[in-house]
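The values are calculated or read from the model by the stated rules, or taken from the named source; none is laboratory data. All values reported here derive from a predicted model rather than from experimental measurement. Every residue, glycine among them, receives a Cβ derived from its backbone with ideal geometry; neighbour counts consider all protein chains shown.
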Amino acid sequence: MLTAGSSVSNVVGKSNLLGKNSKPDLTYTLTDFYIVDSNWTVNKNDAGAPINKQLITEALLKGSDGKCYLKQYYFTEKSQGADKYGPVMFANEKKLANPNDTGEILCENIK
């Protein structure tokens, strides 16, 4: 299970996490990784049965363009029924509310 303090490399390869971006020529270096909330959110179907549960994480990244970024990613565990869940899987990058927002932050905010 992915919990606070878990290593991202134990769950997903860095190439999977860092390989998806809107600028194909831009590469990222992972500088830090956080779990936003240690509580999993359970998603249910219309009948109320669990489909999966999700955890939101944040990654602090340095781009090959010299800029720094904060990105959010979902991890999921699919429901196996009877209150059991499968292995943790990388789901996708969380889309920002503003499509023009790149997630760019000041590099001095990354230690």
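Could you tell me how many of the residues in the stretch 68-94 are at pLDDT 90 or above, of a type in the set (D, E, K, R) and touching a Gly at 6+ places or on another chain (Cβ under 9 Å)?
So the answer is 2.
Only one of these conditions is not met by Gly103: (1) at pLDDT below 80; (2) of a type in the set (Gly, Ala, Ser); (3) touching a Leu at 6+ places or on another chain (Cβ under 7 Å). Which number is it?
In the conditions (1) at pLDDT below 80; (2) of a type in the set (Gly, Ala, Ser); (3) touching a Leu at 6+ places or on another chain (Cβ under 7 Å), Gly103 misses (1) alone.
Would it be correct to say that Phe33 is under 17 Å from Ala91 (Cα atoms) and touching a residue at least 60 places away in the same chain (Cβ under 8 Å)?
The answer is no for Phe33.
Considering only the stretch 37-85, state which residues are polar (S, T, N, Q) and in a loop (DSSP other than H, G, I, E, B).
Within the stretch 37-85, Ser38, Asn39, Asn45, Ser64 qualify.
Looking only at the stretch 31-43, filter to residues that are surrounded by fewer than 12 Cβ atoms within 10 Å (Cβ to Cβ) and of a type outside the set (Ser, Thr, Tyr); which one of those is modelled with the lowest pLDDT?
Ranking the qualifying residues of the stretch 31-43, first place goes to Asp37.
Hey, can you tell me all the residues within the stretch 30-66 that are closer than 12 Å to Thr76 by Cα and of a type in the set (Gly, Ala, Ser)?
Of everything in the stretch 30-66, nothing turns out to be closer than 12 Å to Thr76 by Cα and of a type in the set (Gly, Ala, Ser).
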